[in-house]
Structure formats: C-alpha cells, structure tokens
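Chemist: Here you go, one structure.
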Amino acid sequence: MNPTPSLSSRLSRWFTTASLGLGAVVTLGMMLGCSTSAEAEPPSITAPLVKGDSVQLAPDGPQWQYIELAVAAEAPALVPLPAPGRVDLDLRRTASVGTPLTGRVDELRVRIGDRVKAGDKLFSVRSAAFADLDRELKSAETEVADKQRVADRVRALVQLQAAPEKDLQAAESELRQARLGLQAAQAKRASLSVAVDGDNLFWVKAPRSGTVVDLDVVDSQEVTPERDRPLVRISDLDEVLVLADVQESDAAALSEGQAVSISTQGGKVVRQGTIERVSEVVDPLRRTVSVRARVMNTDRALRPNAFVEVAPVASSGNIRVRVPASAVVTNGEHSVVFVAREAGRLERVPVTVGRRRDGAVDLIAGLDAGSRYVSRGALLLENTIELAD
C-alpha cells in the first residue's frame, strides 16, 4: 500500500478545518471532546464510521471537503508511448548485385541514392575469364559447324550407297554431342546477364528498377564472385519496412494487421503503416519486443536507416473506463477505487488497472461507466479503513 501518514498528521488533515472561525488549539480540543471553558459548548462532530470495506460519512461531515465525487465515463483506451524504430529495406523488393566472373572494375556509373531502371549499366569489368568463356562459345559454334558438314557429307555418301549406314549414325551422334556442348556454352554465357563490350569486357546490369542503397565497389577494384558482400544493392523504396523496439509491457496490445503511426524525428513526416510481425521473443538485455511494420513510401520521405518513432493508432472499438490517477489506490498487487453508495457510504471496490498516462488511468474491470466514485481523497479513505482494522 502507499505509505500511511502518522496518526497525528492524519487527524490534523482530516479534522482540523471542521470548525471555522476558531483557533487551532480550540478546534483540536473540540474534536477530542474537551472544553476550554465552562461557557463554551463543543460543536457536534460526527466521525467516519468504518464497516468492512465501507466508510460512512455524515451528510454534513467536514470530511467531505477533502473528497470529490465524479461519474465514471468511457474513453478510447490509452495507447503505448511511441517506440524508437528505424527504416529498413524490404528484402522482397531488393536485389543484390555482384560480378559473375573474376576481373577488375573498369568503369563505375552509379552512386548511392541514384535511381536506376532494370537493364541499366552499373559497372564494367575487364576479365580474362570472360575472354576464355567467349573462346569456349566460339569453339563450340565452330565444332557444331564442322560436325554438321561431316554429317551432311556422310549422308550424301550413304544416299549414293558409297558409305555404310553406321557411318551416318556415328556422324549424327557426334553432331548431337557438339550441339549439346554449344547449348551448354550458350547457357553459361546467358547466365551472366551482362552486356558484352569487347573480347574481355562486360557490363553488369541492374536486375530491377529501384534506388542504389548500398555500394561497395570503386574503379580499378579487383572483384570476384566469391565475395560475401554484394557490390551493389538496389531496392524499390515505394514500400519500406520499419523495425521498432517496443517495451515488453506494451507488446501485448499489438497484433498483426494493426495500424501504427510512423513519424520522423521532429514529427516532420507522419504517416500510417501496418504491423506485419510481432516477435514472440523478448530481447533479454533490453527487455523489448521487435515489431515490424510495412509503410507506403512513394514520395521517398522515409529514407533507409533513418530513425523514426512508432505508435499504435487508437482504435475507437477499444473502450475503457478512464479515471484520474488520484482515484486509484495501489499497493503493488491490488488496486481499489471507492464507489459512492447510498446515504454517504463510500465502498472500496477492487479494480483491474490498464495503462497509465499523463495523470489518467484506464480501468479494464471493476468500475462501470456511470458509477459515482471518489476522484479525490481515495487515499484518506483507505487510511481510515486501515486504522480501523
């Protein structure tokens, strides 16, 4: 429970102002049932009557000046405080680009932040391996042509009955093998998805339209297909993801498909997104839950890696009874409010407390809308019951 004031201070706060126009000493003597002179009669003071979880006050009792009553009203549930987040790329709209063959970068045509279209040239690579691949393709084409001529000649001899049928079958088999080799060489060349520019030079092209968001290549750099990090990353920023770290206590109020408000630092850009995933794991160090939201970004106002704030959008369907914080007395385990009953009886009622914000408290259960309750002075009533126990 909240700290309990001493008996003397409680009596002073509860009763001192009951008699107006008299000195403090005379007033205290009257409250204690004493008389300062034979002629003075103490006024009739009715002390609070405690019965179980109720405090009965006289209709004209001085204690009412410390108590305010209000009518419980409903309001949209308080939303969690904004959580820090950052703008991230949607990997489904992002392409990583490397080099298909080992070589040296000859020319770089893009920078971070540039917009490109699918098929645009990004950088060129001068590669001996590409020259070897080109020779392999040309060799395969030459072999097919040679095998075709042999097969045609043998076929003519067979038709003239100048050669046996088995020679034609052997020639056609060799032709088929040569064609398979050519197809393999063509497929290997086509898989590079590059633009040829000479015997040993090729251009790496953009696989999709978007913005260059990462660049790890410079002119004259040696590049290989085996490197872990891509040379260029291109992402379509019409949609981005926002990753937020939400407090563990607030994560329960979030769910997939829920609308959230995304705002940049300073609130210059504010727009709505949709929660795509709420992690099922709590970070053991920060005690936060990772939340991922998808946001439209056709104007490119949300830039990758920028810091933002994420807050749930209040739902009109999520209604709570809201009371001032002074109406709720909590001891860490249990919370109560005092409800006004008949004839000045104030009853202590357990409640389930929701979110607290700016001096207001959401009540999930325990107090119905329209009920009259003690909005100020609940702690004094609680202490009165404790003293009577």
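The values are calculated or read from the model by the stated rules, or taken from the named source; none is laboratory data. The structure displayed is predicted, hence computed values, not measured ones. Please note: Cβ atoms are built from the backbone with ideal geometry, for glycine as well, and neighbour counts cover all protein chains shown.
Chemist: Given the conditions (1) touching an Asp or Glu at 6+ places or on another chain (Cβ under 9 Å); (2) surrounded by 19 or more Cβ atoms within 10 Å (Cβ to Cβ), and given that L367 satisfies all but one, which numbered condition is not satisfied?
Modeler: Among (1) touching an Asp or Glu at 6+ places or on another chain (Cβ under 9 Å); (2) surrounded by 19 or more Cβ atoms within 10 Å (Cβ to Cβ), the lone unmet condition for L367 is (1).
Chemist: Specify the residue that is surrounded by the fewest Cβ atoms within 10 Å (Cβ to Cβ); the eligible residues are those in segment 255-277 that are of a type in the set (G, A, S) and in a helix (DSSP H, G or I).
Modeler: It comes out as G266.
Chemist: Out of the residues in segment 63-112 that are in a loop (DSSP other than H, G, I, E, B) and polar (S, T, N, Q), which is nearest to I319 (Cα to Cα)?
Modeler: The residue in question is T99.
Chemist: Check L380 against each of (1) surrounded by 14 or more Cβ atoms within 10 Å (Cβ to Cβ); (2) in contact with a strand residue (DSSP E or B) (Cβ under 7 Å, 6 or more places away or on another chain) and name the one condition it does not meet.
Modeler: Of (1) surrounded by 14 or more Cβ atoms within 10 Å (Cβ to Cβ); (2) in contact with a strand residue (DSSP E or B) (Cβ under 7 Å, 6 or more places away or on another chain), only one is false for L380: (2).
Chemist: Can you report the number of residues in segment 361-389 which are closer than 13 Å to L346 by Cβ and assigned to a strand (DSSP E or B)?
Modeler: 5
Chemist: Is there a residue in segment 329-336 that is buried (at least 19 other Cβ atoms within 10 Å of the Cβ) and farther than 23 Å from Q272 by Cβ?
Modeler: yes
Residue-wise test of (1) farther than 18 Å from P84 by Cα; (2) of a type outside the set (S, T, Y); (3) without any contact (Cβ under 8 Å) to a residue 40 or more places away in the chain.
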position	(1), (2), (3)
K188	yes, yes, no
S191	yes, no, no
K205	yes, yes, no
E239	yes, yes, no
A251	no, yes, no
S261	no, no, no
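Chemist: Which pairs do you get when a residue that is surrounded by 13 or more Cβ atoms within 10 Å (Cβ to Cβ), found in segment 217-232, comes within reach of a residue that is of a type in the set (D, E, K, R), reach meaning Cβ atoms under 6 angstrom, with the pair 6+ apart or on two chains?
Modeler: Close Cβ pairs (under 6 Å, with a partner that is of a type in the set (D, E, K, R)) amount to L231/D216.
Chemist: Look at D228 and say whether it is farther than 13 Å from P312 by Cα and in contact with a helix residue (DSSP H, G or I) (Cβ under 8 Å, 6 or more places away or on another chain).
Modeler: Spelling it out, it is not the case that D228 is farther than 13 Å from P312 by Cα and in contact with a helix residue (DSSP H, G or I) (Cβ under 8 Å, 6 or more places away or on another chain).
Chemist: Among the residues of segment 187-194, is there at least one that is at pLDDT 95 or above, crowded, with 17+ Cβ neighbours inside 10 Å and either more than 19 Å from the chain's Cα centre (by Cα) or within 30 Å of K147 (Cβ to Cβ) (or both)?
Modeler: Checking segment 187-194: not a single residue is at pLDDT 95 or above, crowded, with 17+ Cβ neighbours inside 10 Å and either more than 19 Å from the chain's Cα centre (by Cα) or within 30 Å of K147 (Cβ to Cβ) (or both).
Chemist: For segment 296-316, indicate whether the set of residues that are more than 30 Å from P59 (Cα to Cα), part of a strand (DSSP E or B) and free of Cβ contacts under 8 Å to residues at least 60 places away in the same chain is non-empty.
Modeler: The answer is yes, given that some residue of segment 296-316 is more than 30 Å from P59 (Cα to Cα), part of a strand (DSSP E or B) and free of Cβ contacts under 8 Å to residues at least 60 places away in the same chain.
Chemist: Next question, about the same structure. Out of V87, V116, report the one residue that is crowded, with 17+ Cβ neighbours inside 10 Å, farther than 30 Å from L346 by Cα and in the same structural domain as Q247 (by TED's automatic domain parsing).
Modeler: V87
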